[in-house]
Structures are given as structure tokens and as C-alpha cells.
Amino acid sequence: MPEEKYEELIEAFFNNELSEREESLLFALLGTDENVKKYFKQSAFLKAGINSAVEEFPPELDEKILSGVTTKQKRTHKVFNSKFVNALAYGLAVAAVTASLFFYSLAAEYRSELKTVSQTLEYQNATMQLIMNSFPSVKVTGSLPNEVIINKKL
Amino acid sequence: MREKEKEILFLRYYERHKNAVYNYAVKMLHDSDKAADVTQNVFLKLFENLQLIRDENKISVWIFVTARNEIYGYFRSAKRKENYYDEEEMEKLNLQSGENTQSETELKELRGIILNELNKISEVNRETFLLREFGGLSYKEIAEVTGTEIHNVKSRLFKTRKKLIEKISKII
């Protein structure tokens with residue numbers, strides 16, 4: 001097997017990215033090929049070195065983070081449970097209801113006013129039409145002895 | 001989300017990721033105090049934003065993107081980028097024994113070589129390697145955190161590992 005291919009397999013193995021089929025292929029190669037075995041050993045040695053460089057999580061940091069989270073949680077809890085927030089929310093709700101009632105009555109009033117105005121307009125329009133229809137017919141002629149240019153009965 | 005549920009969920013994610021975030025931050029910043037601050041900020045932000053993260057599978061990505069932003073924010077504000085691990089810091093690193101057969105001295109030497117070599121490689125390769133080895137992220141997750149393609153992640157990891165193996169092969 002070419003060098004690069006088995007190196008890739010070993011690389012994937014140590015990165016936990018090897019499929020089952022590839023894993024069995026790698027183990028078969030490890031049993032037969034000395035070069036594969038050597039590279040695998042070197043990779044395992046490297047892994048051991050890396051693992052030895054892992055630092056332990058400081059216990060005081062654990063404490064710091066968890067107490068920080070608890071403080072944050074308490075603060076949020078306190079804000080949402082305080083009497084002031086409750087009173088504010090209640091006040092806002094009452095104000096919103098009052099405002100919506102006020103605007104509703106205002107809108108109803110405008111609607112009835114609009115209805116009255118449109119009825120008046122309709123009535124006036126009908127009256128004007130009646131007046132116009134009652135006029136005698138009009139004949140418009142030019143100053144020159146030409147034929148009648150407008151002859152319209154209103 | 002109720003308070004109790006939120007708390008339980010947070011503790012689950014916290015326990016799962018705290019070591020990874022802290023180690024990633026330490027290796028990126030070379031400063032355990034600053035790394036502790038970064039870790040604290042990341043988890044406090046996680047707690048604040050827990051309701052907003054709808055996809056549970058994206059939690060690791062969210063955590064590491066936040067950690068990365070915190071780290072780069074620190075780099076920007078401090079205008080510094082350390083390029084070495086000092087000896088004292090390396091001495092402070094705790095050795096975890098048990099699962100390996102190598103002796104303590106060998107591991108110490110090996111660790112020194114790895115950490116020194118990591119400082120010599122390019123920043124993108126180093127970051128990708130740290131996210132994989134200390135963050136425990138998959139190729140896909142690293143690609144999402146760093147905003148790149150999966151094949152780039154693979155290639156960066158391969159190059160870095162190969163380089164490190166070349167270095168350590170001298171002491172095997």
C-alpha cells in the first residue's frame with residue numbers, strides 16, 4: 001500500500017474519523033506491514049505526548065463559573081419576581097386596556113359622524129340634480145350666422 | 001425553558017466541555033489565568049444564550065466559536081501573540097499517567113518537543129490541531145468553527161501530525 005494511503009488511515013484512526021471498513025483494513029495492514037506498524041507506533045507515541053499535555057481543570061475555576069452562573073440566575077429571577085416589576089406590568093396592562101377602550105369609542109364616534117356627513121352629501125347631490133333638471137333647455141349659437149353648435153336640453 | 005431544565009442542561013454541557021475549552025484556551029493563549037477568564041466567559045455566555053441554541057448538535061460548535069472569539073478578542077486587545085512556551089509553563093503541566101507505558105521522563109521530553117514544535121507551525125494549522133486534540137472536535141465541527149472546508153481541516157491535521165511525528169521519531 002502507498003505510504004500516503006496508510007498514513008491517512010492512521011491519521012483518521014487517531015482522529016476518530018475511521019469507518020468500520022477502513023478500521024478493519026487498517027488492522028489487517030498492521031498485522032502484515034512493518035512500515036504501517038512503525039507509523040502507527042509513532043502516531044500512538046505522539047498521542048500519548050498530547051494526552052500528557054492535557055491540563056487539569058482548576059477546581060477554583062469550577063467554583064468561580066458555577067457561582068457566576070448562580071448569581072446570574074438569581075439576578076434574573078429577582079428582576080422578574082420583584083414587586084416593582086409586577087406593579088409595572090400591572091400598570092402597563094391597565095393603561096393598555098384603557099387606551100384601547102378610549103380609541104374604540106373615538107373610532108365609533110367618527111364612524112357615526114362620517115355616516116351623517118355622507119347622508120347629507122347624498123341629499124344635497126339629489127337636490128342639485130333636481131334643480132338642474134328643472135331649468136329650461138338652452139341653445140348656444142355662435143356670433144356668426146353659422147349652424148347651432150350646442151343644442152342640449154338640461 | 002424552565003429554570004430547573006436550563007440549569008440541568010447547562011451543567012450537562014459544562015461537564016462535557018469544560019476541560020476541552022480550558023485546554024484549548026491554555027494552548028492558544030499560553031497563559032492559564034487568561035485561559036481561565038476565557039473559559040469563564042464562554043460558559044457564562046452559554047448560560048445566558050442557552051434558550052437561543054435550538055440545535056443540540058451544534059453546542060460544541062457554538063462553545064468553540066465563542067471561545068475562539070474570546071481568544072482572538074484577547075489577542076486584538078492585548079496586541080500580542082506569543083510564539084513560545086516558556087520553560088516554567090511547561091513545568092507546570094501535569095502529567096497524566098496510567099494509560100501509557102512510556103516513562104515519566106520520556107513523556108516530559110515528548111511533551112516539550114510537541115509543545116515547542118506546535119509553536120513553530122502556522123497559526124491555522126496549530127489552531128486546527130488544538131481544536132482536534134484538545135477540543136475533541138470532529139473534522140466537520142472544526143470546519144464550522146474555523147469557517148473552512150473539511151478537506152482543508154484534514155490536510156492541516158495531516159501536515160501537522162506528520163511534522164510532529166518527524167520530530168518525535170528521533171527520540172523513539
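What follows draws every value from the coordinates through simple rules; no lab data is involved. Predicted, not measured: the structure shown is a model, and the values here were computed from it. Every residue, glycine as well, gets a Cβ built from its backbone with ideal geometry; the counts of neighbours run over all protein chains shown.
Structure notes:
- Between A:GLN129 and A:ALA44, residue separation times 0.36 nm minus the direct Cα-Cα distance comes to 20.1 nm.
- Averaged over residues, the count of other Cβ atoms within 10 Å places the peptides A:51-63, A:18-30, B:28-40, A:113-125 in the sequence B:28-40, A:51-63, A:18-30, A:113-125, highest first.
- Here the Debye sum runs over all C-alpha atoms of the stretch A:3-59 as equal scatterers in vacuum, and log10 of I(q)/I(0) at q = 0.19, 0.26 Å⁻¹ comes out as -0.67, -1.05.
- Peptide A:3-12 is shielded by partner chain Cβ atoms: per residue, an average of 2 of them sit within 10 Å of its Cβ.
- Percentage of interatomic Cα-Cα distances in the protein assembly as shown larger than 37 Å: 45
- With the simple spin-label model, which puts each label point 7 Å out from Cα in the Cβ direction, the A:ALA108 to B:ASP55 separation comes to 5.3 nm.
- Per-peptide packing, taken as the mean over residues of other Cβ atoms within 10 Å, places B:68-76, B:152-160 in the sequence B:152-160, B:68-76 from highest down.
- For the pair A:THR32 and A:LYS115, the difference between a 0.36 nm per residue extended length and the Cα-Cα distance amounts to 20.0 nm.
- In the structure shown, the pairs A:LYS38/B:LYS18; B:LYS120/B:LYS154; A:LYS64/B:LYS6; A:LYS47/B:LYS170; A:LYS64/B:LYS45; B:LYS140/B:LYS162 are assessed against 23 Å; a Cα-Cα span above that value is assigned to A:LYS38/B:LYS18.
- With the simple model of a label 7 Å out from the Cα in the direction of the Cβ, A:LEU88 to A:SER19 spans 5.8 nm.
- Dividing the Cα radius of gyration of the stretch A:79-126 by its Kirkwood radius returns 1.50 for Rg/Rh.
- The Stokes-Einstein estimate for the stretch B:13-54, based on a Kirkwood radius over Cα pairs and taken at 37 °C with 0.692 mPa s viscosity, is a diffusion coefficient of 310 µm²/s.
- Cα-only radius of gyration and Dmax that characterise the stretch B:1-83, units Å: 13.4, 45
- Projected-area mean, chain A, by convex hull of Cα positions, square nanometres: 34.4
- Helix content alone sets the calculated 222 nm mean residue ellipticity of chain A: runs of n ≥ 4 DSSP H residues at -39500 (n - 2.57) each, divided across all residues, give -27000 deg cm²/dmol.
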